[in-house]
Amino acid sequence: MSHLRDACGVFGVFAPGHDVARIAYFGLFALQHRGQESAGIAVADEGQVTVIKDLGLVSQVFNERMLTSLSGQHAIGHVRYSTTGSTGWHNSQPLVRSRNGDVIALGHNGNLVNTTQLRDELLSRGVKFSGTTDTEVITALIAHEAQGDLLGAVRTAVGKIRGAFSATVMSGKALVGFRDPYGVRPLVLGRYDGHPVISSETAGLDILGAQFEREIAPGEIVIADAEHGLRSVRVELEGARPALCIFEFIYFARPDSTMVGRNLHQARQAMGRHLALEAPVEADLVVPVPDTGIPAAIGYSSASGIPYTEGLIKNRYVHRTFIQPDDDLRKRGIHMKLNPLTAVIKGKRLVVVDDSIVRGNTTTKLVEMLFGAGAAEVHLRISAPPIKWPCFYGIDMATRAELIAANLSVEDIRRKVGATTLHYLTLDGLQASTGLPETQFCRACFTGDYPIAVPEEYAMCKMRFEKGAACEP
Ligand code: SF4
């Protein structure tokens with residue numbers, strides 16, 4: 001279930017003669033899991049850029065009338081979950097700025113680690129900011145790089161910004177997609193009726209019937225325009241190595257997406273199989289915590305021979321509501337999202353498979369709920385190692401003080417959440433399940449080994465062991 005929240009999903013399409021706003025809409029629809037706070041689409045028509053964005057889900061923000069009014073030759077789209085800056089219309093994306101008499105629009109997934117420094121530099125040059133996001137800094141850097149074309153400006157900006165970024169940006173004439181030199185967040189290139197499409201995940205291509213062409217490489221910038229078609233350049237950064245977020249494999253990305261040639265559903269099943277080998281237990285049923293625990297639970301069941309069953313029903317039609325529950329309803333907590341199938345689990349010894357434990361509160365309530373529904377035993381199996389370190393690259397995770405595994409041993413956590421037994425997948429088991437070498441990944445939230453250096457003041461803020469004010473950037 002959704003313990004960690006991803007930063008965003010980005011999309012772009014360059015397809016003159018096609019309904020690019022509608023293509024972007026459905027691309028975003030497939031990327032909705034990456035962000036549910038706001039959605040936006042920018043379209044360029046004969047050099048004129050128009051943006052529609054608002055708080056809410058893709059299906060809440062756009063209607064038929066809006067899409068019909070957004071005609072053009074190319075478009076970008078964005079779904080957001082805030083990792084820096086507050087939730088608010090002014091922080092929703094795509095962000096817009098003027099550049100050399102043109103207008104640019106930009107959407108970003110990730111998190112920069114040198115926002116403050118870049119923002120200060122831009123402020124000293126008289127650049128004004130209306131929001132508080134690192135995305136605004138990237139947009140401003142590109143907009144205020146007066147020399148050269150959009151490609152040149154993006155290239156210069158990529159040389160200055162540090163951290164995790166996969167982004168799409170457009171001017172009246174061109175569409176650009178770019179990815180940081182570590183490739184922390186995913187970004188793929190596809191073809192829709194022969195035209196270039198850029199998406200955070202392959203699921204954003206599949207929904208359109210677009211062909212997957214390849215992943216956009218770490219440090220790569222691709223640009224499409226009417227004059228030159230599709231071109232690509234690379235920005236090299238000394239010391240950079242591929243560092244795809246391993247949590248994309250565990251939980252963030254859709255199971256039907258493919259990354260580095262691996263289908264994520266199959267990788268997650270392999271995590272479940274490894275869990276069964278590492279921590280076998282005598283039990284009656286394997287129950288996933290829906291939806292994200294499902295593939296690993298299938299894997300656990302197939303390796304252990306213990307039957308798989310649904311034991312928790314998720315309210316599928318409520319993703320995120322802006323209507324706050326009142327105090328009485330809030331006390332229902334986890335029951336608002338999940339309901340136990342009492343008839344199935346009563347008197348049974350359960351293996352319950354979930355993807356992560358962050359603070360531990362939700363897990364405690366989950367275990368409580370299962371025992372409340374009559375479970376005889378609850379054997380928790382987590383398809384990721386203990387999260388001991390905060391994320392600086394775009395995942396809203398918590399400070400170290402709030403991470404339960406940074407402070408307690410596995411046995412203490414078991415006792416705290418009230419499970420009969422508890423086992424986390426080992427790092428080796430996780431790595432083997434991806435079928436890829438560890439040198440491909442960022443695994444910093446498990447190891448503390450951060451591939452992109454994090455400035456001390458920012459690091460201290462998230463590493464702190466006492467609660468304090470919100471940290472920059
Ligand atoms: S620290 Fe963890 S969540 Fe953040 S990018 Fe690295 S692997 Fe992903």
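Below is a table of values for the structure above.
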quantity: Among residues of the stretch 138-188, those that are of a type in the set (S, T, N, Q) and either crowded, with 24+ Cβ neighbours inside 10 Å or in contact with a Lys or Arg (Cβ under 8 Å, 6 or more places away or on another chain) (or both), counted; calculated: 4
quantity: Count of residues meeting criterion [under 23 Å from G152 (Cα atoms) and modelled with pLDDT of 95 or more] in the stretch 79-94; calculated: 1
quantity: Pairs, first under 27 Å from E368 (Cβ atoms) in the stretch 410-433, second of a type in the set (S, T, Y) and not in a helix (DSSP H, G or I), C-beta under 7 Å, six or more apart; calculated: V410/Y424; R414/T421; L425/S383
quantity: Residue tally, condition in a helix (DSSP H, G or I), of a type in the set (V, I, T) and surrounded by fewer than 17 Cβ atoms within 10 Å (Cβ to Cβ), over the stretch 399-432; calculated: 1
quantity: From T168, T135, T156, residue being among the hydroxyl-bearing types (S, T, Y), part of a helix (DSSP H, G or I) and under 16 Å from G394 (Cβ atoms); calculated: T135
quantity: Options L408, L422, L436; residue that is more than 12 Å from the ligand (Cβ to nearest atom), farther than 29 Å from A283 by Cβ and not β-branched (V, I, T); calculated: L436
quantity: Residue in the stretch 228-240 that is aliphatic (A, V, I, L, M), within 16 Å of the ligand (Cβ to nearest atom) and in contact with a helix residue (DSSP H, G or I) (Cβ under 6 Å, 6 or more places away or on another chain) present; calculated: no
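Every residue, every condition in (1) in contact with an Asp or Glu (Cβ under 7 Å, 6 or more places away or on another chain); (2) under 23 Å from A15 (Cβ atoms), yes or no:
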{"position": "D149", "(1), (2)": "no, yes"}
{"position": "A157", "(1), (2)": "yes, no"}
{"position": "K160", "(1), (2)": "no, no"}
{"position": "V169", "(1), (2)": "no, yes"}
{"position": "P186", "(1), (2)": "yes, yes"}
{"position": "G190", "(1), (2)": "yes, yes"}
{"position": "D193", "(1), (2)": "no, yes"}
{"position": "V233", "(1), (2)": "no, yes"}
{"position": "F249", "(1), (2)": "no, no"}
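The values are calculated or read from the model by the stated rules, or taken from the named source; none is laboratory data. Computed from a predicted model, the values in this text were never measured in an experiment. Quick reminder, even Gly has a Cβ in these numbers, built from the backbone with ideal geometry, and neighbours come from all protein chains shown.
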